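J.: Sharing a structure below in structure tokens format, with a few things to ask.
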Amino acid sequence: MRKLSVRCLKAAFLKMDFVFVYGTLKRNEPNHTWMEDKAFGYSQYICNGVTVEKYPLVIATRYNIPFLLDVPGEGHNVTGEVYEIDSPKLQHLDVLERHPDYYVREMIEVQCGGKKVSAWVYLLREFRPHLLDEPFLEDYSSTGDHGKPYVERAERDSSYDVKKDVKLTNHKQFI
């Protein structure tokens, strides 16, 4: 009888997806531990990737958070990393990205190792227009020459809501 690898067994029993990460989830970035933590599901680095369509990638808020704005066709073809993940890992990432209340998870096309793949990505929708005045990046690094180092959650003021800096106010909440 033939032995099956753990990867084959996981693929047989769990739905596997790709996710494209462009910010603090990349290797050598502050939130990469969310990708590595096996207690919350499976993830495997596949390749460096680049979005097929252009998007504006900006750094905003006083905590210098990277945002991929949901404006396809504007900005740059953004570089990042593609990972294969299972459903538990995707749900775990949804917690970090506060999907769907903050970021929205959507499928996009990414060039990966000479092929196009469909991958989940976290986009910012219904954002404040001033974000389009920020410089657009092709590639993000928390310590890049942009001079805007990322501030980790543990170091932030817990009473400060970054969502108010970047998201449009939902008028329904006042009705």
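J.: Of (1) more than 15 Å from VAL117 (Cβ to Cβ); (2) free of Cβ contacts under 8 Å to residues at least 40 places away in the same chain, LEU69 satisfies all except one. Which?
T.: For LEU69, the exception is condition (2).
Per-residue answers, yes or no, for (1) touching a Phe, Trp or Tyr at 6+ places or on another chain (Cβ under 7 Å); (2) of a type outside the set (Ser, Thr, Tyr); (3) assigned to a helix (DSSP H, G or I); (4) more than 16 Å from SER118 (Cα to Cα):
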position	(1), (2), (3), (4)
ASN28	no, yes, no, yes
ASN31	no, yes, no, yes
TRP34	no, yes, yes, yes
ALA39	no, yes, yes, yes
TYR45	yes, no, no, no
GLY49	yes, yes, no, no
VAL58	yes, yes, no, yes
ARG62	no, yes, no, yes
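J.: Being in contact with a Lys or Arg (Cβ under 9 Å, 6 or more places away or on another chain) and of a type outside the set (Ser, Thr, Tyr) is the filter here; which residues of region 137-152 pass it?
T.: Of the residues in region 137-152, the ones in contact with a Lys or Arg (Cβ under 9 Å, 6 or more places away or on another chain) are 140-142, 151.
VAL151 - this is the single residue of region 137-152 that is in contact with a Lys or Arg (Cβ under 9 Å, 6 or more places away or on another chain) and of a type outside the set (Ser, Thr, Tyr).
J.: Oh, and also: Given (1) modelled with pLDDT of 95 or more; (2) surrounded by 15 or more Cβ atoms within 10 Å (Cβ to Cβ); (3) over 26 Å from ALA154 (Cβ atoms), identify the lone condition not met by GLU53.
T.: Among (1) modelled with pLDDT of 95 or more; (2) surrounded by 15 or more Cβ atoms within 10 Å (Cβ to Cβ); (3) over 26 Å from ALA154 (Cβ atoms), GLU53 violates only (2).
J.: Considering (1) buried (at least 18 other Cβ atoms within 10 Å of the Cβ); (2) within 12 Å of the chain's Cα centre (by Cα), say which one HIS32 fails and leave the rest.
T.: Going through (1) buried (at least 18 other Cβ atoms within 10 Å of the Cβ); (2) within 12 Å of the chain's Cα centre (by Cα) one by one, HIS32 breaks only (1).
J.: Can you tell me which residue among GLY41, GLY23 is surrounded by 15 or more Cβ atoms within 10 Å (Cβ to Cβ), small (Gly, Ala, Ser) and either over 22 Å from ASP161 (Cβ atoms) or at pLDDT below 95 (or both)? It would help to see each step written out before you state the result.
T.: Values: GLY23 fails: either over 22 Å from ASP161 (Cβ atoms) or at pLDDT below 95 (or both).
Of GLY41, GLY23, the one residue that is surrounded by 15 or more Cβ atoms within 10 Å (Cβ to Cβ), small (Gly, Ala, Ser) and either over 22 Å from ASP161 (Cβ atoms) or at pLDDT below 95 (or both) is GLY41.
J.: In addition: With the structure loaded, tell me whether GLY73 is among the small types (Gly, Ala, Ser) and over 14 Å from TYR22 (Cα atoms) or whether it fails that test. Walk me through it before giving the result.
T.: Numbers: among the small types (Gly, Ala, Ser): yes; over 14 Å from TYR22 (Cα atoms): yes.
In short, yes.
Here's the yes/no breakdown for (1) of a type outside the set (A, V, I, L, M); (2) more than 13 Å from the chain's Cα centre (by Cα); (3) over 21 Å from GLY49 (Cβ atoms):
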position	(1), (2), (3)
GLU74	yes, yes, no
ASN77	yes, yes, no
ILE85	no, yes, no
ILE108	no, no, no
LEU124	no, no, no
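J.: Farther than 25 Å from LYS38 by Cα and in contact (Cβ under 8 Å) with a residue 12 or more places away in the chain: does that describe VAL166?
T.: For VAL166, the condition - farther than 25 Å from LYS38 by Cα and in contact (Cβ under 8 Å) with a residue 12 or more places away in the chain - is met.
J.: Determine the pairs where a residue that is at positive phi, located within region 32-46, has a partner that is assigned to a strand (DSSP E or B) with Cβ atoms under 6 Å apart, the partner being 6 or more residues away or on another chain.
T.: Correct list of pairs: GLY41/ASP86.
The values are calculated or read from the model by the stated rules, or taken from the named source; none is laboratory data. None of the values given here were measured: they were computed from a predicted structure. Cβ: placed from backbone, ideal geometry, glycine included. Neighbour counts: every protein chain shown.
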